[in-house]
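As structure tokens, the structure follows; a few thoughts come after it.
The values are calculated or read from the model by the stated rules, or taken from the named source; none is laboratory data. From a predicted model like this one, the values you see are computed outputs, not experimental measurements. Positions of Cβ are backbone-derived with ideal geometry, glycine not excepted, and every protein chain shown enters the neighbour counts. Heads up: the accessible areas ignore ligands, DNA and RNA and are worked out on the full protein's heavy atoms, side chains in. Shrake-Rupley method; radii C 1.70, N 1.55, O 1.52, S 1.80 Å.
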Amino acid sequence: MMVAGEEGAQCSFAFEGDIFGLFDIGGPEVGQLEVWVDGHRVNLHKLQSDSFQPYEIITGDNGNTPLNRFNAYCNNRYRGQYDLIKLPQGKHEISFRISSLKADKRLILGPSQQEDIVQHPAKYDSSVIYLGRILLRGKPILKTTRKQEIGDMRPQIYRQG
């Protein structure tokens, strides 16, 4: 599990495929993530589907629509959750960054779940991410440094003995 709580903290990866996502832990202190695809911050729209509900990328400047990791089930408890984002088939570089925008957690919880947030507001006033897994429909692209590439080209010497 990777944990981060500072605005701008990020996790990046590359893959070839058409769907990516994350499995994380939701709780009172979780925040929102900016999603960057191929070097551009993207806006997301939840698709309606029979089997699962992935997000799709919206083109145009519709403001900042981060991936909110806080939901009505995050009231004073922790649970696993996931979201998926659909892309055109191809090679992609992805980054998740902790957003400076904060969700209106009181509104999300609704009037019947206000007790804990009223009693412990500091617990809810943060943007922590508990990232458990990166999800892919495709295959990861492993990046190597130039030093690793040169090292991989050296012949191996095997000694019997």
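Side notes on the structure shown:
- Cβ-based net charge around VAL30, under 13 Å, with every Lys or Arg adding one and every Asp or Glu removing one: +2
- Taking LEU47, LEU33 and ordering them by how much accessible surface each has at a 1.4 Å probe, largest first, produces LEU47, LEU33.
- Taking every protein chain into account, the accessible area of segment 27-144 amounts to 59 square angstrom per residue (probe 1.4 Å).
- A probe of 1.4 angstrom, applied to the heavy atoms of all protein chains, finds TYR124 with accessible area near 10 square angstrom.
- Translational diffusion coefficient (Stokes-Einstein; Kirkwood radius from C-alpha pairs) of segment 24-125 at 20 °C, 1.002 mPa s, in µm²/s: 143
- Taking only protein heavy atoms and a 1.4 Å probe, the accessible area of segment 65-143 is 55% carbon and sulfur.
- Reachable lysines from LYS123, criterion Cα separation under 25 angstrom, eight or more residues apart if same chain: LYS102, LYS105
- Where ARG133, ARG97 fall by accessible area, highest first, once all protein chains stay in place (1.4 Å): ARG133, ARG97
- Accessible area (Å², 1.4 Å probe, nearest 10) - ILE19: 10
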